[in-house]
Amino acid sequence: LCDLLVFYKKNHIIPNSVMLNSLLIMLFMQMDRFIISKYIDYEAVGEYSVIAQFSGIIVIIAAVMSKFLSPKIFCLKHKRELILFLKTEYTKYMFISFGIMLIIILLPFLFNIEAIYGGGLVINRSVYVILSVSLFLYSLILPLNNIAHAFKFSRVLFIISGFSLFLNTTVSILIVPSLGVIGVSIGTLLACLVYYLLSLVNTYYVLEKI
């Protein structure tokens, strides 16, 4: 942890931004669970947690792949190098992440994953697909965040992360009374989509500034 903080200090990276970006998807999930427990019931919380556990595999794999890209990203110095990275390495990362997402989405349709948790559990396929797509979008953001950190644009990411978390919470609270758990997953999807689009805009801004 000390080495990490020293690295951030040397590279003028804001630790608060890094921490919020790293914890954002966990905050999404925790806020979703809280909203479900408040407006529905605890049984629905358990079902949602199982769905999040399986669909969240893509974030774990994407985080590992993103770590392998980090050394290359932090060695980028010029606009031409960054454009080449986005066209080659990031494009491959996107296709691999998309393939993983498709495999994860197909899991409950090909295998009886409810059996792992015993009788009584029913996985809502619609929620599962929506949440899998949400986490796929989030996984695409990880290398873009590293680009922003590498070129000292961490403060903008802090604002984007905070806004996405607020959007996720607000939308979920508004539509969960009428749509139930699906409403919560839609709120997460919308927040992840906005987060991804704003991260793309921020990356374009980085390209214009370097």
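The values are calculated or read from the model by the stated rules, or taken from the named source; none is laboratory data. Here the structure is a predicted model, which means the values were calculated and not measured. Ideal geometry is used to build each Cβ from the backbone, glycine not excepted, and the neighbour counts take in all protein chains shown. Side chains are part of the model used for accessible areas, which takes the heavy atoms of the whole protein and leaves out ligands, DNA and RNA. Shrake-Rupley method; radii C 1.70, N 1.55, O 1.52, S 1.80 Å.
The combined condition, being open to solvent by 80 Å² or more (accessible area, probe 1.4 Å) and of a type outside the set (Phe, Trp, Tyr), is fulfilled by Leu110. In region 92-103, the qualifying residues are those that are open to solvent by 90 Å² or more (accessible area, probe 1.4 Å) and not aromatic (Phe, Trp, Tyr), and the one that is farthest from Ser154 (Cα to Cα) is Ile103. The residues of region 179-190 that are open to solvent by 60 Å² or more (accessible area, probe 1.4 Å) and at pLDDT below 90 amount to a single one, Leu179. Does at least one position in region 198-205 carry a residue that is within 24 Å of Phe98 (Cβ to Cβ) and more than 18 Å from the chain's Cα centre (by Cα)? Within region 198-205, one or more residues are within 24 Å of Phe98 (Cβ to Cβ) and more than 18 Å from the chain's Cα centre (by Cα).
May I ask you to list the residues in region 160-176 that are in contact (Cβ under 8 Å) with a residue 60 or more places away in the chain and within 14 Å of Phe34 (Cα to Cα)? Leu165, Asn168, Thr169, Ser172, Ile173, Val176 - these are the residues of region 160-176 that are in contact (Cβ under 8 Å) with a residue 60 or more places away in the chain and within 14 Å of Phe34 (Cα to Cα).
Condition check ((1) of a type in the set (S, T, N, Q); (2) open to solvent by 20 Å² or more (accessible area, probe 1.4 Å); (3) under 18 Å from His149 (Cβ atoms)) across all residues:
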{"position": "Ser49", "(1), (2), (3)": "yes, yes, no"}
{"position": "Gln53", "(1), (2), (3)": "yes, yes, no"}
{"position": "Gly56", "(1), (2), (3)": "no, no, no"}
{"position": "Lys67", "(1), (2), (3)": "no, yes, yes"}
{"position": "Pro71", "(1), (2), (3)": "no, yes, yes"}
{"position": "Tyr90", "(1), (2), (3)": "no, no, yes"}
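Does region 114-127 contain any residue that is modelled with pLDDT of 85 or more and open to solvent by 40 Å² or more (accessible area, probe 1.4 Å)? Taking every residue of region 114-127 in turn, at least one turns out to be modelled with pLDDT of 85 or more and open to solvent by 40 Å² or more (accessible area, probe 1.4 Å).
Conditions tested, residue by residue: (1) of a type in the set (A, V, I, L, M, F, W, C); (2) touching a helix residue (DSSP H, G or I) at 6+ places or on another chain (Cβ under 9 Å); (3) farther than 16 Å from Asn202 by Cβ; (4) open to solvent by 10 Å² or more (accessible area, probe 1.4 Å).
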residue: Leu84; (1), (2), (3), (4): yes, no, yes, yes
residue: Leu106; (1), (2), (3), (4): yes, no, yes, yes
residue: Ser134; (1), (2), (3), (4): no, yes, yes, no
residue: Leu137; (1), (2), (3), (4): yes, yes, no, yes
residue: Asn146; (1), (2), (3), (4): no, yes, no, yes
residue: Val156; (1), (2), (3), (4): yes, yes, no, yes
residue: Phe163; (1), (2), (3), (4): yes, yes, no, yes
residue: Phe166; (1), (2), (3), (4): yes, yes, yes, yes
residue: Pro177; (1), (2), (3), (4): no, yes, yes, yes
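Among the residues of region 30-44, what is the count of those that are open to solvent by 20 Å² or more (accessible area, probe 1.4 Å) and in contact with a helix residue (DSSP H, G or I) (Cβ under 6 Å, 6 or more places away or on another chain)?
In the first step, residues of region 30-44 are kept if they are open to solvent by 20 Å² or more (accessible area, probe 1.4 Å); the result is 30-31, 33-34, 37-43.
This time we only want the ones that are in contact with a helix residue (DSSP H, G or I) (Cβ under 6 Å, 6 or more places away or on another chain), so: 31, 33, 37, 39.
Final tally of qualifying residues: 4.
Scoring Lys152 on the criteria (1) at positive phi; (2) open to solvent by less than 30 Å² (accessible area, probe 1.4 Å) leaves a single failure, condition (2).
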